[in-house]
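All remarks here apply to the structure that follows.
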């Protein structure tokens, strides 16, 4: 997972690469373009004199700066006269706002939007969001549901949106979505996860099957850490009930994970095809109590036909 220091280091490396490319171009021009060497030497001399005079004699520093600017203009004219672009000796900036420094602002430095976007896209990838650009509240379309469900699904959407907007100060810590396949449970899980990530919180989405694979690897003694699942501020568990049931693994590990998150005050989302009564039979009262505790969770029923089949017809 990328962090801020990694990103800024990569920016520094890119700027260094650009500077090396410019020095290579200058060396080539020194050999092949008459007059360039004299102008470049004069520019460097004026620039160095400006830096030296900056503290002792601001007026001289200004004059040296103007001289350096004149030399740059002369270099530009020389380049264009011989078929080179005027910006031939300028770095190619990937971000024009921060000029690949990662920061903007003169008086108060702040992270550039390009860095924030990089961090956010990495967070999307780490959270296992499949399509964050389309699975979001802005793309939610009530009309994919049958008309008689519009009032109910409007309320469901509003509850999910409110949960994400107010995170982590939600009315209840957890949400449990249940209902048949293809009615939008996973979609709204992703919407919530994306919005929480956009606001700078940590979140992770994982299917029950992939979670089971982690449990099984850990049970076998493999070097698998469950710490990120415990510590992430928001954990979204999708397709609960589709994972294999193995003695001493499925129920035990899932209970321990949910219980640890409850004790730490973490938020958890769960989507399942199982109704609450089926959850109790499938996992037992002990685990079901961690999932269907109405004091800590909104339990939301989803209804309707399989929307994914509708798209393919």
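Which of (1) at pLDDT 95 or above; (2) within 30 Å of the chain's Cα centre (by Cα); (3) surrounded by 18 or more Cβ atoms within 10 Å (Cβ to Cβ); (4) in a helix (DSSP H, G or I) is the odd one out, the single condition residue 290 does not satisfy?
(1)
Tell me, yes or no, whether the stretch 207-218 has at least one residue that is in the same structural domain as residue 135 (by TED's automatic domain parsing), in contact with a strand residue (DSSP E or B) (Cβ under 6 Å, 6 or more places away or on another chain), over 18 Å from residue 170 (Cα atoms) and part of a helix (DSSP H, G or I).
Within the stretch 207-218, one or more residues are in the same structural domain as residue 135 (by TED's automatic domain parsing), in contact with a strand residue (DSSP E or B) (Cβ under 6 Å, 6 or more places away or on another chain), over 18 Å from residue 170 (Cα atoms) and part of a helix (DSSP H, G or I).
Which one is nearest to residue 225 (Cα to Cα) among residues in the stretch 257-276 that are part of a helix (DSSP H, G or I) and touching a helix residue (DSSP H, G or I) at 6+ places or on another chain (Cβ under 9 Å)?
Once the filter is applied, the top-ranked residue is 257.
All but one of (1) out of contact with any strand residue (DSSP E or B) (no Cβ under 6 Å at 6 or more places or on another chain); (2) not in a helix (DSSP H, G or I) hold for residue 204; state the number of the condition that does not hold.
Just one mismatch for residue 204, condition (1).
Can you work out which of the residues in the stretch 212-228 that are closer than 18 Å to residue 241 by Cβ and in contact with a helix residue (DSSP H, G or I) (Cβ under 8 Å, 6 or more places away or on another chain) is surrounded by the fewest Cβ atoms within 10 Å (Cβ to Cβ)?
Here the answer is 214.
Within the stretch 135-178, work out how many residues are exposed (fewer than 11 other Cβ atoms within 10 Å of the Cβ) and not in a helix (DSSP H, G or I).
So the answer is 3.
Being closer than 24 Å to residue 123 by Cβ and without any contact (Cβ under 8 Å) to a residue 24 or more places away in the chain narrows it down to one of 227, 268, 232, 207, so name that one.
From the options 227, 268, 232, 207, the qualifying one is 227.
Based on this model, can you work out whether residue 255 counts as surrounded by 13 or more Cβ atoms within 10 Å (Cβ to Cβ), within 28 Å of the chain's Cα centre (by Cα), assigned by TED's automatic domain parsing to the domain that holds residue 146 and touching a residue at least 12 places away in the same chain (Cβ under 8 Å)?
no
Would the stretch 242-250 turn up any residue that is in contact (Cβ under 8 Å) with a residue 24 or more places away in the chain, in a loop (DSSP other than H, G, I, E, B), touching a strand residue (DSSP E or B) at 6+ places or on another chain (Cβ under 9 Å) and buried (at least 16 other Cβ atoms within 10 Å of the Cβ)?
Yes, the stretch 242-250 has at least one match.
The values are calculated or read from the model by the stated rules, or taken from the named source; none is laboratory data. On a predicted model such as this, the values are computed, not experimentally measured, just so you know. When we count neighbours, we look across all protein chains shown, and the Cβ atoms used for this are built from the backbone with ideal geometry, even at glycine.
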